[in-house]
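Enquirer: Following this message is one structure expressed as structure tokens.
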Amino acid sequence: MPSDFNPMFLILGDGADLAALSATLRRFARRPEKISLTEQAGTFRPRTPLAIVPADREFGLRASGQEFAWHLNRWQAQNIAERVDALASPEARSGSDIFEIGSEGEIPVKVSRGEFTDDFLISKR
């Protein structure tokens, strides 16, 4: 998503979508191996491919050729999953959270539920 301040990767979804994202992050935390959200989590329909990849030195979201790679360790993935759970809760109607590891040059990831309408996201060209 373009921003006046910096680039941002926006993940939108309803409760079920965000529960699936949380489950994917937990699976990664148990067994850290590359997970393509497009291939592994069938409910995701990204405009730009996103993969979660194991990391031990360089953390956070980075552009990698034609896709984005979210470099996380087990602890980071587990903690992000817990925060996404709050957004996926049946009691939550809307909300968002921004995930930044704190690495220089990383791209923030914003996970949002119920904050954007379809007409906001469709280009008016």
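Enquirer: Non-local amide H neighbours of Asn73 (under 5 Å, H modeled in plane, Pro and chain starts lacking H): which ones?
Expert: Amide H neighbours of Asn73, under 5 Å, 5+ apart: Ala55.
Enquirer: For a quick size check, give me the Cα extents of segment 45-86 along its three principal axes, largest first, whole Å.
Expert: 28, 27, 10
Enquirer: Convex hull over the Cα atoms of segment 69-110, averaged projected area in nm²?
Expert: If I average the Cα hull's projected area over directions, I get 3.3 nm².
Enquirer: Give me a comma-separated list of calculated 3J(HN,Hα) values for segment 98-104, in order, Karplus coefficients 6.51, -1.76, 1.60 applied at θ = phi - 60°, integers in Hz, x for any Gly or Pro.
Expert: 10, 10, 9, 7, x, 7, 4
Enquirer: Once phi is turned into ³J(HN,Hα) by the Karplus curve 6.51 cos²θ - 1.76 cosθ + 1.60 with θ = phi - 60°, what whole-Hz value does each residue of segment 86-91 show in order, with x for glycine and proline?
Expert: Listing the rounded values in order: 4, 6, 7, 4, x, 6 Hz.
Only the coordinates and a few stated rules stand behind these numbers; no lab work does. The shown structure was predicted, so the numbers you read here are calculated from the model rather than taken from an experiment.
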